[in-house]
Amino acid sequence: MLKVGLTGGIASGKSVVGEMLVALGAHLVQADRIAHQLMLPGQPVYNEVVRHFGGAILNPDLSINRAKLAEAAFGSDSSSDGKAPGPNSTLPSRIQELNRIVHPAVIRSQNEWMEEIGRQNPQAIAVVEAALIIEAGAAETFDRLIVVTCSDEQRIARFAARHKLDLDAARKEVERRMAAQLPEAEKVKAADYVIDNSGTLEQTREQVRRVWQELGAEAAAKS
């Protein structure tokens, strides 16, 4: 089995590339979905997150409000209504604190998932889509690393559309979140494959096809 990490900066198009890989035959899991499951009420990660960040991040049904958690973790210098932040709304980032709680559990879960895929099909290509593969120290877990890139303006426009923000608010939020990640240039240096998602979907799809052919050949040789 071939283990592949799929990463890139915020709103670069990782999920789009992941969907294209699945269409070609890859098995894929999203680290964000794993984290979501681990933060359901009753889970140990949920308990730790609430202990560290308090009840203010909870919905009335005691589930974690992810927008409130993001605000608490990244610092609250943006608002959810698409308007510019107020002058006294800045709080220090606690993202490293959150990552220390969540990352180890997510990495264990995704490794268990890859092992199960390998047991089911030794020739499989198992892809983990995660924003912070390198930052979390998980890059060595994978045989190959794919990094998805795009232009800064595209990133901001996509983030604005996804979260229904104006461009100024989206720019501030993207810059804040990107500050918690390695610069894109550093991720590119660590990559085995770079997919430029700044063009058309068909251009991205063609790059994905070429990468898939190489991954398939390697997976077959490895098995």
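Which of the residues belonging to the stretch 50-83 are assigned to a loop (DSSP other than H, G, I, E, B) and modelled with pLDDT of 95 or more?
Within the stretch 50-83, Gly54, Asn59, Pro60, Asp61, Leu62, Ser63, Asn65 qualify.
Test Asn197 against the criterion of being in contact (Cβ under 8 Å) with a residue 12 or more places away in the chain, surrounded by 13 or more Cβ atoms within 10 Å (Cβ to Cβ) and under 16 Å from Met1 (Cβ atoms), and give yes or no.
no
Can you tell me which of Val174, Val188, Val127 is closer than 26 Å to Ile95 by Cβ, out of contact with any Phe, Trp or Tyr (no Cβ under 8 Å at 6 or more places or on another chain), assigned to a helix (DSSP H, G or I) and not acidic (Asp, Glu)? First the steps, then the outcome.
On the way: Val174 fails: out of contact with any Phe, Trp or Tyr (no Cβ under 8 Å at 6 or more places or on another chain); Val127 fails: assigned to a helix (DSSP H, G or I).
Unique residue meeting the criteria: Val188.
May I ask you to verify whether Gly18 is touching an Asp or Glu at 6+ places or on another chain (Cβ under 8 Å) and not in a strand (DSSP E or B)?
When the stated conditions are applied, Gly18 passes them.
Among the residues of the stretch 117-131, is there at least one that is without any contact (Cβ under 8 Å) to a residue 24 or more places away in the chain, surrounded by fewer than 18 Cβ atoms within 10 Å (Cβ to Cβ) and of a type outside the set (Lys, Arg)?
Yes, the stretch 117-131 contains a residue that is without any contact (Cβ under 8 Å) to a residue 24 or more places away in the chain, surrounded by fewer than 18 Cβ atoms within 10 Å (Cβ to Cβ) and of a type outside the set (Lys, Arg).
Is it true that some residue in the stretch 149-165 is part of a strand (DSSP E or B) and either surrounded by 14 or more Cβ atoms within 10 Å (Cβ to Cβ) or not hydroxyl-bearing (Ser, Thr, Tyr) (or both)?
Yes, because at least one residue in the stretch 149-165 is part of a strand (DSSP E or B) and either surrounded by 14 or more Cβ atoms within 10 Å (Cβ to Cβ) or not hydroxyl-bearing (Ser, Thr, Tyr) (or both).
Does the stretch 105-119 include one or more residues that are modelled with pLDDT of 95 or more, of a type in the set (Val, Ile, Thr) and closer than 21 Å to Gly9 by Cα?
There is at least one residue in the stretch 105-119 that is modelled with pLDDT of 95 or more, of a type in the set (Val, Ile, Thr) and closer than 21 Å to Gly9 by Cα.
Among the residues of the stretch 166-186, is there at least one that is polar (S, T, N, Q), closer than 29 Å to Gln96 by Cβ and at pLDDT below 95?
Yes; the residues of the stretch 166-186 include at least one that is polar (S, T, N, Q), closer than 29 Å to Gln96 by Cβ and at pLDDT below 95.
Which count do you get for residues in the stretch 8-49 that are touching a strand residue (DSSP E or B) at 6+ places or on another chain (Cβ under 6 Å), more than 18 Å from Ala124 (Cα to Cα) and of a type in the set (S, T, N, Q)?
Number of matching residues: 1.
Within the stretch 176-190, track down each residue that is more than 15 Å from the chain's Cα centre (by Cα) and closer than 17 Å to Ala139 by Cα. Can you show your working first?
From the stretch 176-190, those more than 15 Å from the chain's Cα centre (by Cα) are 176, 185-186, 188-190; that's our starting set.
Result: Ala185, Glu186, Val188, Lys189, Ala190.
Is one or more of the residues making up the stretch 14-23 within 26 Å of Ala161 (Cα to Cα) and among the basic types (Lys, Arg)?
Restricting attention to the stretch 14-23, the residues satisfying the condition of being within 26 Å of Ala161 (Cα to Cα) are 14-23.
If we keep only those that are among the basic types (Lys, Arg) as well, we get 14.
Scanning the stretch 14-23 turns up at least one residue that is within 26 Å of Ala161 (Cα to Cα) and among the basic types (Lys, Arg).
The values are calculated or read from the model by the stated rules, or taken from the named source; none is laboratory data. Just so we're clear, the structure is a prediction, and the values are computed from it rather than from any experiment. FYI the Cβ positions are ideal-geometry reconstructions off the backbone, even for glycines, and counts take in every protein chain you see.
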